[in-house]
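Structure record follows, encoded as structure tokens.
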Amino acid sequence: MDDMIVYEPKSDALKALYWRSEILQVMYWLRGEGFGDLVDPALLQRFLGVDAEVGVRYLDKLVDEGYVISFGDRYMLSEEGAKEGAMEFVAAFEGMTKSAHGECSADCWCHNSPEEADACARERAEAMLDHQHDHHDHNH
């Protein structure tokens with residue numbers, strides 16, 4: 001079995017969390033890469049990878065939960081969705097690199113507590129958002 005293949009969880013509750021995380025990360029990344037705020041399911045599918053057609057079925061659930069706003073057949077992150085997407089993106093990115101810019105020191109409380117880890121990820125995500133806003137302000 002190839003270790004690089006990521007399989008979605010089996011239970012409905014975990015599937016919903018898995019796809020929420022994946023979709024919000026991709027939408028956050030797309031916005032940061034200049035694809036715009038509004039994305040359609042076809043664009044999302046290109047970046048979600050395997051089982052993408054399954055994932056986009058969760059878009060309406062994310063609308064119901066307040067993370068995403070729908071405009072006809074296009075979708076945009078809400079303010080809450082952007083915050084959550086930023087945190088998910090930072091967490092996933094740090095998981096891949098293990099040495100992301102601004103990573104906590106080895107003695108940080110976040111290594112001992114899920115609540116602290118969440119708070120640290122939130123702070124880094126907010127710092128990343130502030131940096132992006134500053135960057136955009138200088139370009140326009």
Scan of the stretch 39-73 for residues that are over 24 Å from Phe93 (Cβ atoms) and either assigned to a loop (DSSP other than H, G, I, E, B) or in contact with an Asp or Glu (Cβ under 6 Å, 6 or more places away or on another chain) (or both), ordered by number: Asp40, Gly66, Gly72, Asp73
Filter result for Met27 (within 16 Å of the chain's Cα centre (by Cα) and either in a helix (DSSP H, G or I) or at pLDDT below 95 (or both)): yes
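Every residue, every condition in (1) at pLDDT 65 or above; (2) charged (D, E, K, R); (3) in contact with a helix residue (DSSP H, G or I) (Cβ under 9 Å, 6 or more places away or on another chain), yes or no:
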position	(1), (2), (3)
Asp37	yes, yes, yes
Gly55	yes, no, yes
Val68	yes, no, yes
Glu79	yes, yes, no
Residues being aromatic (Phe, Trp, Tyr) and free of Cβ contacts under 8 Å to residues at least 24 places away in the same chain - total across the stretch 40-77: 1
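The values are calculated or read from the model by the stated rules, or taken from the named source; none is laboratory data. Owing to the predicted nature of the structure, the values given are computational and were not obtained by experimental measurement. Every residue, glycine as well, gets a Cβ built from its backbone with ideal geometry; the counts of neighbours run over all protein chains shown.
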